[in-house]
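Worksheet: the structure to be examined is printed underneath.
The values are calculated or read from the model by the stated rules, or taken from the named source; none is laboratory data. Bear in mind the structure is a predicted one, so any value in this text is a computation, not a measurement. Positions of Cβ are backbone-derived with ideal geometry, glycine not excepted, and every protein chain shown enters the neighbour counts.
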Amino acid sequence: MIINIRFGRVPKTGLDDYFLILKIARRRKGKKMREEEKERIKAKALEYFQRAGIALSLKEKEDIEIADLGLNDFKRTGLVLVVYINNSRYCAKEMILFPNQTCPEHRHPDHDGMEGKRETFRCRYGKVYLYIEGEKTENPKTHPPAKDEKYYSVYHEIILLPGEQYTINKNTLHWFQAGEKGAVISEFSSPSDDASDIFTDTRTKRVSND
């Protein structure tokens, strides 16, 4: 699920406390609090862009997307995105993962007569643990979200620090997770079609059905 939200202020607490406060308040206030939660997530994302030295236009800030992927477990699984451009020839976007947050395993296959997406990830801030098909890395630095391990099958580890990048070929299974400080990632790719992405966890929904 993709949600567009407006700017809001974020409390001056650690991120764990921040999510705990939101969880308690959401139980108390229901739907209204969920809207406040979206605003706080967006505000937190804007802080990360600032840390990475990435300037956004007013329109780009308004169009920030929060993807919880239909799992309702955003603290552990999900990401924040800003799409600069996506046309028939190329796509460019920014992605934010909060500390230890994961974008789950998926691939970009050929579809509707078009080749699957080929993408380059470039780390702008923090640390990115990227896992792709290939020889399994012994003693990987991180692991899939607890109790969701069955939805992850590739463990060839690539670690990206600021200024480092890696290109993922089409139809390649991959997933990635931020380090303890979170991460900002620039993505440059061939055309992006979220509806054609295939996730190993069939509960995952990259686009809204609304």
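Between R107, R203, the distinction of being more than 24 Å from I54 (Cα to Cα), at pLDDT 95 or above and buried (at least 18 other Cβ atoms within 10 Å of the Cβ) belongs to R107 only. Selection within the stretch 146-180: residues that are touching a residue at least 40 places away in the same chain (Cβ under 8 Å) and among the acidic types (D, E). The member of this set that is surrounded by the fewest Cβ atoms within 10 Å (Cβ to Cβ) is E180.
For the stretch 188-199, the count of residues that are crowded, with 19+ Cβ neighbours inside 10 Å, acidic (D, E) and closer than 17 Å to T102 by Cβ is zero. Taking (1) in contact (Cβ under 8 Å) with a residue 60 or more places away in the chain; (2) in a strand (DSSP E or B) in turn, G70 satisfies each apart from (2).
Any residue at all in the stretch 200-210 that's touching a residue at least 40 places away in the same chain (Cβ under 8 Å), within 16 Å of the chain's Cα centre (by Cα) and part of a strand (DSSP E or B)? No, the stretch 200-210 contains no residue that is touching a residue at least 40 places away in the same chain (Cβ under 8 Å), within 16 Å of the chain's Cα centre (by Cα) and part of a strand (DSSP E or B). Among the residues making up the stretch 128-145, a single one is farther than 21 Å from I198 by Cβ, surrounded by fewer than 17 Cβ atoms within 10 Å (Cβ to Cβ) and in contact (Cβ under 8 Å) with a residue 40 or more places away in the chain: T142. Note on the stretch 56-92: residues that are out of contact with any helix residue (DSSP H, G or I) (no Cβ under 8 Å at 6 or more places or on another chain), over 18 Å from P104 (Cα atoms) and not acidic (D, E) total 12.
Taking the listed residues Y18, Y48, the one that is at pLDDT below 60, out of contact with any helix residue (DSSP H, G or I) (no Cβ under 7 Å at 6 or more places or on another chain), farther than 25 Å from T202 by Cα and surrounded by 15 or more Cβ atoms within 10 Å (Cβ to Cβ) is Y18, with no other qualifying. Scanning the stretch 103-126 for residues that are in a loop (DSSP other than H, G, I, E, B) and over 18 Å from T167 (Cβ atoms), we see that the one that is nearest to the chain's Cα centre (by Cα) is D112.
Within the stretch 127-138, the residues that satisfy the criterion of being out of contact with any Leu (no Cβ under 7 Å at 6 or more places or on another chain) and part of a loop (DSSP other than H, G, I, E, B) are G134, E135, K136, T137, E138. The set of residues in the stretch 156-199 being in a strand (DSSP E or B), charged (D, E, K, R) and closer than 19 Å to H111 by Cβ consists of E187 alone.
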